[in-house]
Amino acid sequence: MAFWILQLAMSFRTTDRMLTSGLWWIAILWLGMFGGAVGSFLTVVWDRLGTGEGFVVPRSRCPECDHLIRWYHNVPVVGWLLLGGRCYDCGSRIPVKHPLIELAFALLFILAGMATPWL
């Protein structure tokens, strides 16, 4: 009987460790995505500062052809990589500063999260 209790306790400990490990990766992924979104917003603020345009409206668009960027192309870093750094509609280059700033903020948020005692 004691063997079964010990084995059950070991399985709970292993499950708890696996669950904690999985949640840790989810927290890291969430921090990275949130940081990338913050970096993307700050890039928009940087580009529109002094132009008289709002930061939320109008939506993001190509600087060359003025086509609106589709929501699935506007995912931080991933959208730029999938499009090869070019506009989907006209093929003009999208500046590399966009994914670099998004990536920098994603890494900054991950590092800040890892420095906290709860993660």
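We did not get these values from a lab; they are worked out from the coordinates using the rules stated. Here the structure is a predicted model, which means the values were calculated and not measured. Cβ placement follows ideal geometry from the backbone for every residue including glycine, while neighbour counts extend to all protein chains displayed.
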**OP:** Answer yes or no: is there a residue in segment 98-113 that is among the hydrophobic types (A, V, I, L, M, F, W, C), loosely packed, with under 13 Cβ neighbours inside 10 Å and not in a helix (DSSP H, G or I).
**Re:** no
Original post:
So Y72 fits all but one of (1) of a type outside the set (S, T, N, Q); (2) surrounded by 14 or more Cβ atoms within 10 Å (Cβ to Cβ); (3) part of a helix (DSSP H, G or I); what number is the exception?
Top reply: (2)
Original post:
Do you know which of the residues in segment 75-94 that are at positive phi and within 21 Å of the chain's Cα centre (by Cα) is surrounded by the fewest Cβ atoms within 10 Å (Cβ to Cβ)?
Top reply: G84
Original post:
Mind checking which pairs have a first residue in segment 79-90 that is free of Cβ contacts under 8 Å to residues at least 12 places away in the same chain and a second that is in a helix (DSSP H, G or I) and among the β-branched types (V, I, T), Cβ under 7 Å, 6 or more apart or different chains?
Top reply: none
Original post:
All but one of (1) within 13 Å of the chain's Cα centre (by Cα); (2) in a loop (DSSP other than H, G, I, E, B) hold for G35; which doesn't?
Top reply: (2)
